[in-house]
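Below: the structure, in structure tokens.
Readers should treat all values here as calculations from the given coordinates under stated rules, not as data from a laboratory. None of the values given here were measured: they were computed from a predicted structure. Here the Cβ positions follow ideal geometry from the backbone for every residue, glycine too, while neighbour counts run over all protein chains shown.
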Amino acid sequence: MNIAALFSDRRWRWFAWGAVALLLLALPFITEAVLGRSWVRIIAVSLLFVMLALGLNIVVGFAGLLDLGYIAFFAVGAYSYALLASPQFAVHWPFLLLLPLGAAIAAVFGILLGAPTLRLRGDYLAIVTLGFGEIIRVFLNNLNRPVNITNGPQGITLIDPLQMGGFSLAQTHSFAGLTFSPVHNYYFVFLVCAALTVALSLRLQNSRIGRAWVAIRDDELAASAMGINTRNVKLLAFAMGATFGGVAGGLFASFQGFISPESFQLIDSIMVLCMVVLGGMGNVAGVALGAVLLTALPEALRYIGPLQQRWFGGVLVDPADLRMLLFGLALVLMMLLRPEGLWPARRRHAVKRNTDGG
Amino acid sequence: MAADILLAASGIRKHFGGLAALSDVSISVRRGEIFGLIGPNGAGKTTLFNVLTGLSAPDAGSLVFDGQRIEGLKPHAVAGHGIARTFQNIRLFGSMTALENVMVGRHLRSHTGVLGAVLRTRAAVAEELAITRRARELLDYCGLAARADDFARDLPYGDQRRLEIARALATDPKLLALDEPAAGMNATETAVLKALLERIREDGITLLLIEHDMKLVMGLSHSVAVLDYGEKIAEGEPETVQRDPRVIEAYLGGGFV
Ligand SMILES: Nc1ncnc2c1ncn2[C@@H]1O[C@H](COP(=O)(O)OP(=O)(O)OP(=O)(O)O)[C@@H](O)[C@H]1O
Ligand SMILES: [Mg+2]
């Protein structure tokens, strides 16, 4: 019996999921003991990227709309949170209000991006979304004059952590003999949110809405002839994807305590897209895996620097360059060896057809 | 007998640049009949289907379907009024299974939104069950029950054509428009198709049929219209149309009998 069968088998199911849950709960403590606290931070961040990648997967993987500006929604969520929970405007709204608000604002931006691009597909859509991502970043960079809203390139500091009553995730807590440092606290919050994102993605995928998305991806014209309102269904994909990004952005802002436009660049959009494509477009589990791997890989490659010293007795290539070089090489290799992603969708992509009738 | 008319297209014109794909074409399809649309290659048959189903807007003319004007409507709105179609070059959702293709056809007649899907409300679960059940019925109806879990693009040609019919039927159409459903089929498959089309009509759905297989279309249709170079050159009962000298000439001129 293979592992996947274990999860669908009636008798073993609870056991299998229980084991996964236990592992995920113990993971930060094991990681801290083995690799150190910086790696707990890395796996926490990887969970944020799971949320981002799954959001983008709705747009690109399900609905087949190539979006190169996705990080803009992450930025919108992050800034929505930061502006309303920091000394910037001296307001400190509760996160239970701000996270849904950030999601809603991101969704509106999703529709703002989607509406003018409804007729575009493929390369053209990619270019427009790329421009959209850059516009948002440029705005964030420049909305400090004449009225200072975003504080420009300096970014926003002293953002409130997630807190409720007197309980703050930014403090260290002890519970049942375990020490929960702030990264541990955030890890668990992110874990819950990422798990919710996975569940939402799966439920959407296996629904009337999910089928409509895949239908317009496979053949937009046939989908419309079958009664699917392609405009609404596409806007819904943009809005849903943006929502995931917006929530992740709010969590990111509270976790970091500091954000600036520099965190939301084109390269970040491309990174998230790589996670989707490399993981296996359209397959929720594959995309989540891609997000974790691509967050961890560049970090792991940091160890190359010291190794170089040990093996060659000196620094031959600048460690930062070498790291990106190896990262790029790893991406190329992965795509060559598994062109459909590490864990491909059950349904392969349909061959593109032209769009005239008949 | 206006009440008898399900679809009335009048004065439909469609030009592509200098090419008159349709010039003032009028047809009227009676409720419950099989209406054949024939003509040589490039006569404008598919163009008329595209205009009828909202895929391309006519330059002039009106379409009245079941008492309502539908020209210029978006394809999904036309489908909502009760016109479903198949495509001459098959356009299935290739990465979906046969069953899922038919389930997509139920989109129009179901309502679950994001909230229902995410929360798995009782109504959403019930609707999803109903969609699946209906889709299986339709696969069975079209003789594809054994193919439910195969990917659409992996199906043999004849099955793909019938799957398009099943998907179209899933929208609960009043009028089913079929663009060369027998193209590429062998004699056995064509016979099965013929029986299927007759059964669909008996179940109360009006059929509009483009077909090059003369035996099939003349055998099935109650009325036939003939297009040639974008003009309607004949309309009437199959026997009359077949003897029409203009029709004979059009077909002989096109090297086609
Ligand atoms: N989108 C388009 N742009 C330009 N010309 C077109 C377009 N669609 C169809 N035509 C032209 O209009 C004419 C009618 O085409 P149509 O596809 O309607 O013919 P048809 O009767 O369906 O032929 P066939 O039996 O070969 O399917 C043809 O000359 C075709 O080349
Ligand atoms: Mg044609």
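Here are some notes:
- The aspartates and glutamates within cross-link reach of B:Lys14, meaning a Cα-to-Cα straight distance under 12 Å and a gap of 8 or more places when in the same chain, are B:Asp24, B:Asp59, B:Glu231.
- Altogether, the Stokes-Einstein calculation at 20 °C and 1.002 mPa s, with the Kirkwood radius of the protein assembly as shown over Cα pairs as Rh, returns a diffusion coefficient of 78 µm²/s.
- Straight-line cross-link reach from B:Lys74 at under 14 Å between alpha-carbon atoms covers these aspartates and glutamates, not counting any fewer than eight positions away in the same chain: A:Glu220.
- Residues A:Gln265 and A:Phe175, FRET efficiency given R0 of 25 Å [Cβ-Cβ distance, rounded to 0.05]: 0.05
- Note on A:Phe15 and B:His15: with the Förster distance fixed at 56 Å, the Cβ-Cβ geometry gives a FRET efficiency of about 0.25.
- The calculated FRET efficiency for B:Ile248 paired with B:Asp4, based on their beta-carbon distance and R0 = 30 Å, is about 0.50.
- Label-point gap, in nm, between B:Ala191 and B:Asp149 - each point 7 angstrom along Cα→Cβ: 3.2
- Computed over segment A:9-355, the alpha-carbon pair-distance distribution with 20 angstrom bins reads 28, 57, 14, 0, each value a whole percent.
- Span from the segment A:210-269 Cα centroid across to the segment B:1-75 one, whole angstrom: 38
- Across peptide B:77-88, the mean count of Cβ atoms from other chains lying within 10 Å of each residue's own Cβ comes to 3.
- Considering only the protein assembly as shown, percent of DSSP beta bridges that pair antiparallel, nearest 5: 65
- Chain B: most fluctuating residue of B:Gln242, B:Gln88, B:Gln68 per GNM, C-alpha cutoff 10 Å: B:Gln68
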